[in-house]
Amino acid sequence: MKNVASLLARLQKLMPAGVKPAFTSGEELIAWQQEQGRQRSAAIARENLAMKMQRTFNRSGIRELHMNCSFDNYRVENDGQMTALARARQYAAEFEGNIASFIFSGKPGTGKNHLAAAICNELLLRGKSVLIITVADIMSAMKSTFASAGDTTEERLINDLSNVDLLVIDEIGMQTESRYEKVIINQIVDRRSSSRRPTGMLSNLNVKEMNMLLGERVMDRMRLGNSLWVNFNWDSYRSRVTGKEY
């Protein structure tokens, strides 16, 4: 500590008059170094989790068509789309420390995946871990653990899905509606809400159908905080998408 204080004193003498040093004591310098170490450790942990998830599912989750999706290149042609864009943008802006989840509901080709990917891309730029995955991919990964000789178990897979900062589950309602699938989704949503991590869902179903499919327990957790339910109730524009828009 004496050596650090001595070094700071010598450096301060070399500084031009009127320039205030960033650290005035050895204690301040050490505290700063410790904080930088904590931040770096947290960043490494996020990177390791993201890499682990990518190895598990063989992709980042954001499909090639949606990798460049942003709020700025979302096509707005009606008031409903303007509202959906504003709410998605606000969700991303207020994500830090927020327990709120979201559900984007509507017909195929109405932009649900675009805005979900825009949220995820925005969070990735801020150092958050995100994953967009279909129900079918979750179940395929779960079933592959049954015959796997590796160290990936069903419990570990559920734990990994529960620990990303934002998990977006796509194609809710297209599954076979088996009891096992409901149990898995219930466990994932329950663990995430218990650890204050939000979940996004993309579906063609309405509120009543979602309640019937997933059950009141899951839907109740999806309502925690200032959660979003956005209806994408306009016609598909997928036939007009060329991929060059992004």
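The values are calculated or read from the model by the stated rules, or taken from the named source; none is laboratory data. Bear in mind that the values here come from a model prediction, so they are computed numbers and not experimental data. Here the Cβ is made from the backbone with ideal geometry for all residues, glycine too, and neighbour counts use every protein chain on show.
Determine, yes or no, whether Arg196 is surrounded by 18 or more Cβ atoms within 10 Å (Cβ to Cβ), modelled with pLDDT of 90 or more and either basic (Lys, Arg) or not assigned by TED's automatic domain parsing to the domain that holds Ala93 (or both). So Arg196 fails the test.
Scanning the range 101-139 for residues that are touching a Phe, Trp or Tyr at 6+ places or on another chain (Cβ under 7 Å) and part of a helix (DSSP H, G or I) returns Lys112, His114, Leu115, Ala116, Ala118, Ile119, Leu123, Asp137.
Count, please, the residues in the range 82-124 that happen to be in contact with a strand residue (DSSP E or B) (Cβ under 8 Å, 6 or more places away or on another chain) and either hydroxyl-bearing (Ser, Thr, Tyr) or farther than 28 Å from Asp190 by Cα (or both).
Residues meeting the conditions: 5.
When you go through (1) of a type outside the set (Lys, Arg); (2) closer than 26 Å to Thr83 by Cβ; (3) surrounded by fewer than 17 Cβ atoms within 10 Å (Cβ to Cβ) one by one for Glu122, which number turns out not to apply? Here Glu122 meets the rest and fails (3).
Restricting to the range 158-203, name every residue that is charged (D, E, K, R) and without any contact (Cβ under 8 Å) to a residue 12 or more places away in the chain. The answer is Arg179, and nothing else.
One residue stands out among those in the range 204-222 that are touching a residue at least 12 places away in the same chain (Cβ under 8 Å) and over 23 Å from Lys107 (Cβ atoms): the one that is surrounded by the most Cβ atoms within 10 Å (Cβ to Cβ), which is Arg221. Condition first: under 16 Å from the mean Cα position of the chain (by Cα) and not in a helix (DSSP H, G or I). Can you find one or more residues in the range 171-187 that meet it? Checked the range 171-187: no residue is under 16 Å from the mean Cα position of the chain (by Cα) and not in a helix (DSSP H, G or I).
Quick check: anything in the range 102-117 modelled with pLDDT of 90 or more, surrounded by 17 or more Cβ atoms within 10 Å (Cβ to Cβ), under 12 Å from the mean Cα position of the chain (by Cα) and not hydrophobic (A, V, I, L, M, F, W, C)? No: zero hits. Does the range 77-89 include one or more residues that are in contact (Cβ under 8 Å) with a residue 24 or more places away in the chain and within 19 Å of Asn163 (Cα to Cα)? No, because not a single residue in the range 77-89 is in contact (Cβ under 8 Å) with a residue 24 or more places away in the chain and within 19 Å of Asn163 (Cα to Cα). Here Met139 meets the list (1) surrounded by 19 or more Cβ atoms within 10 Å (Cβ to Cβ); (2) over 23 Å from Thr83 (Cα atoms) almost entirely, failing just condition (1).
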